[in-house]
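All remarks here apply to the structure that follows.
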Amino acid sequence: MYSSPTYVRATHATRLLKEIDEFTRHDHPYARGAIKHVTPDIVELDLIVNEAPWRNAAHVLRIDFSGDFPFLAPRVYFPNKVCLALLSFENWRPATTLEAIILAIISMLTEPDISRAVEPAIADEFIRNQPLYLKKASAHIEDVEKTLQRIKSKGRSRSRRSSRSARRK
């Protein structure tokens, strides 16, 4: 009875809700955010990191807990799939909390591991000229934010037009 898939799923959902509640009740020095459910298994967090170059920019962090969570790590997207040692098959522990995952991502953003850089030229700039790196990163983040705002405003204007045309019919 206690090992039925429905019981196990309900237990995992209860744990996730408890962790979301715990995360939102605490003040975090490196991030603020409101967690929302997209589906019962997928949560999104508007992550606002309070460290340069990320300061004041909201980034959507999506965590997919479907599958065999907590026995297997969730899939994390920021905006693409995130590769963290914490989430690897070898390092994942079922006791790892939502807060630990979020704090690991914040750590990755504020203290990048240059030995695992995707872009070696950017890692080199990070080492040799950090002020220039921060300036370029801030400009890039600002451009991304502007693009996201344009996309959101276009989506809103389309939905307004379609609702107006539906009312006319």
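The values are calculated or read from the model by the stated rules, or taken from the named source; none is laboratory data. These figures come from a predicted structure and were not determined experimentally. Cβ: placed from backbone, ideal geometry, glycine included. Neighbour counts: every protein chain shown. Note: accessible area is taken over every heavy atom of the protein model, side chains too, but ligands, DNA and RNA are not part of it. Shrake-Rupley method; radii C 1.70, N 1.55, O 1.52, S 1.80 Å.
Among residues belonging to the stretch 60-78 that are aliphatic (A, V, I, L, M) and either free of Cβ contacts under 8 Å to residues at least 40 places away in the same chain or open to solvent by 10 Å² or more (accessible area, probe 1.4 Å) (or both), point out the one that is farthest from residue 105 (Cα to Cα). Filtering first and then ranking leaves 72.
State which residue pairs qualify: first residue open to solvent by 60 Å² or more (accessible area, probe 1.4 Å) and inside the stretch 124-150, second residue β-branched (Val, Ile, Thr) and not in a loop (DSSP other than H, G, I, E, B) in any location, beta carbons under 9 Å apart, and separation of 6 or more residues or different chains. Sorted first by the residue in the stretch 124-150, then by its partner, the pairs are 124/114; 127/114; 136/122; 148/60.
Residue-wise test of (1) of a type in the set (S, T, N, Q); (2) surrounded by fewer than 12 Cβ atoms within 10 Å (Cβ to Cβ); (3) modelled with pLDDT under 80.
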position: 5; (1), (2), (3): no, yes, yes
position: 9; (1), (2), (3): no, no, yes
position: 13; (1), (2), (3): no, no, yes
position: 16; (1), (2), (3): no, no, no
position: 22; (1), (2), (3): no, no, no
position: 32; (1), (2), (3): no, no, yes
position: 46; (1), (2), (3): no, no, yes
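Residue pairs, Cβ under 6 Å, 6 or more apart or interchain, first in the stretch 80-107 and over 18 Å from residue 20 (Cα atoms), second modelled with pLDDT of 90 or more and open to solvent by 70 Å² or more (accessible area, probe 1.4 Å). List them. Listed by first residue and then by second, the contacts come to 85/91.
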